[in-house]
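In what follows, a single structure is set out as structure tokens and then discussed.
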């Protein structure tokens with residue numbers, strides 16, 4: 001039986017990953033797909049509902065194009081409910097014939113709404129609620145197929161549902177803590193409307209991750225980039241359990257570490273009984289590569305490429321002892337990917353991560369056991385794997401180290 005999942009469609013909103021996290025916290029595993037993803041071409045096993053995120057723009061003809069219309073038709077045909085949040089709320093309304101006015105009713109921050117119908121996603125809430133708004137456009141003139149569930153101010157539509165109970169929209173953000181009872185709205189959609197029954201927890205992912213690693217790596221060998229942080233330590237532990245002696249862990253001293261960092265990491269990995277652990281002193285190489293560079297994004301690019309050169313060179317040097325290395329293991333997690341805009345074309349680059357935007361010339365293939373997990377989930381996995389708490393709670397230190405701060 002496939003794991004229950006809810007799909008979150010990313011329209012470039014700043015809270016997309018917060019929506020996904022809230023769903024997981026409510027016990028439903030979530031996956032984010034870009035707005036141009038065809039659901040017909042997506043594995044929909046276990047998917048009982050879809051959420052459309054917010055986004056920093058006005059609904060356009062492109063947003064209402066063929067892919068969106070096909071996705072909407074598929075959801076209707078297969079009986080999967082859809083919830084739109086902020087921009088998603090406006091997009092669904094327009095798609096069903098509602099009018100949209102631009103900039104006439106800007107609502108930002110804490111806002112009071114009045115609930116008109118408490119029979120579906122707003123059930124159990126008080127008639128007057130405080131919610132968090134962040135929008136300029138406004139849904140007006142709902143068609144007969146949609147009915148208002150809540151309003152703000154002078155009867156501005158804050159929430160609606162379709163008369164057949166398959167489409168829902170909320171102008172406010174239920175995923176943020178500034179909407180005090182927002183989790184109840186999401187829970188009602190997931191449990192009562194979509195019918196999710198299972199209780200996801202990250203610990204339940206361990207066996208699946210081990211199977212996925214073995215399937216991807218096969219008889220190949222992995223050189224694991226270790227930093228001593230929780231992400232790479234948990235990833236390395238999973239790889240060790242999955243493939244054993246096919247793994248070699250490498251810590252690169254780039255000359256830009258905290259005092260005593262190298263010695264501490266060596267001690268940690270020796271204590272965790274990693275049978276193949278190596279330290280590479282590449283400080284001069286990194287400092288030379290960074291000489292004269294001031295732009296932080298360019299520094300990240302240079303650091304990333306230098307790391308790859310060091311790992312590929314080290315893999316070549318260890319070949320006589322272990323054989324050919326095929327994969328580079330990394331502790332990449334979900335936030336790394338979103339900050340580097342690796343989850344969709346509408347997602348803005350917050351900052352490039354050296355372990356996400358990898359050079360095209362690299363020969364090693366990447367294996368990332370934690371790529372779909374958040375930091376708190378990684379920590380829970382680490383505890384379940386028996387990693388000491390002092391390592392799970394170790395103070396994070398950015399991969400590019402002190403280089404970004406240096407002029």
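Pairing the Cα long axis of helix 296-317 with the longest principal axis of the chain, what angle in degrees results, from 0 to 90 and rounded to the nearest 10?
Its long axis makes an angle of about 50 degrees.
Using 0.36 nm per residue, how much length does the chain from residue 77 to residue 110 gain when fully extended, once their Cα-Cα distance is taken away? It would help to have the intermediate numbers written out before the result.
Details: separation 33, 0.36 × 33 = 11.88 nm, distance 3.73 nm.
Difference between extended and current length: 8.1 nm.
Going by C-beta contacts inside 10 Å, put 132, 361 in order with the fewest on the left.
361, 132
Pairs of Cα atoms under 8 Å, at least six residues apart: use those to get the relative contact order of region 5-193, whole percent. The partial results should precede the final answer.
Details: 412 pairs, mean separation 39.2, N = 189.
Worked out over region 5-193, it gives 21 percent.
Can you tell me what the convex hull of the Cα atoms of the chain projects to on average, as an area in nm²?
On the way: hull surface 86.5 nm².
Its Cα hull, projected and averaged over all orientations, spans 21.6 nm².
Report the extension gain between residue 181 and residue 365 in nm, rounded to one decimal, defined as 0.36 nm multiplied by the number of residues separating them, less their alpha carbon distance.
On the way: separation 184, 0.36 × 184 = 66.24 nm, distance 4.43 nm.
Once the chain is fully extended between residue 181 and residue 365, it gains 61.8 nm.
Label residue 69 and residue 261 with points 7 Å out from Cα along Cα→Cβ: what is the distance between them in nm?
Between residue 69 and residue 261, the label points sit 5.4 nm apart.
So how do 182-188, 380-386 stack up, highest first, on mean other-Cβ count within 10 Å? Intermediate results must be reported in sequence, preceding the final value.
Numbers: 182-188: 21.1, 380-386: 16.7.
Ranking the peptides 182-188, 380-386 by packing returns 182-188, 380-386.
For the residues 51, 387, what sequence is obtained by ranking on other C-beta atoms within 10 Å, fewest first?
Details: 51 27, 387 19.
Ranking 51, 387 by Cβ neighbours within 10 Å, fewest first, gives 387, 51.
On a 0 to 90° scale, report how tilted helix 66-78 is relative to the longest principal axis of the chain, with both axes built from alpha carbons and the result rounded to the nearest 10.
That works out to roughly 70 degrees.
Compute the relative contact order of region 202-405 as a whole-number percentage, counting only Cα pairs closer than 8 Å that sit 6 or more residues apart in sequence. Mind dumping the intermediate values first?
On the way: 313 pairs, mean separation 58.8, N = 204.
Worked out over region 202-405, it gives 29 percent.
Quick check: the angle from helix 375-384's long axis to the longest principal axis of the chain, C-alpha only, nearest 10 degrees?
60
Provide the packing ranking of 26-33, 111-118, i.e. peptides ordered by the mean count of other C-beta atoms within 10 Å per residue, highest first.
Numbers: 26-33: 19.6, 111-118: 17.1.
By packing density, highest mean first, the sequence is 26-33, 111-118.
With runs of 4+ DSSP H residues as the only contributors, calculate the mean residue ellipticity of the chain at 222 nm using -39,500 (n - 2.57) per run, divided by the residue total and rounded to the nearest 500.
Working: 13 runs with 129 residues, N = 407.
Dividing the helical sum by the residues of the chain leaves -9500 deg cm²/dmol.
Please give the FRET efficiency for residue 60 paired with residue 145, using the beta carbon to beta carbon distance and R0 = 22 Å, rounded to the nearest 0.05. Don't jump to the answer; show the numbers that get you there.
On the way: r = 22 Å, r/R0 = 1.00.
Calculated transfer efficiency: 0.50.
What ranking do 22, 394 get, fewest neighbouring Cβ atoms within 10 angstrom at the top? Spell out each step's value before the answer.
Working: 22 24, 394 16.
The most exposed by this proxy come first: 394, 22.
With the contact rule set at Cα under 8 Å and sequence spacing of 6 or more, what percent relative contact order holds for the chain? Mind dumping the intermediate values first?
On the way: 780 pairs, mean separation 58.3, N = 407.
14 percent.
Values quoted throughout were computed directly from the atomic coordinates according to the rules given, and no laboratory measurement underlies them. In this text, all values refer to a predicted model and were calculated from it rather than measured experimentally. As a convention, Cβ positions derive from the backbone with ideal geometry for all residues, glycine included, and neighbour counts pool all protein chains shown.
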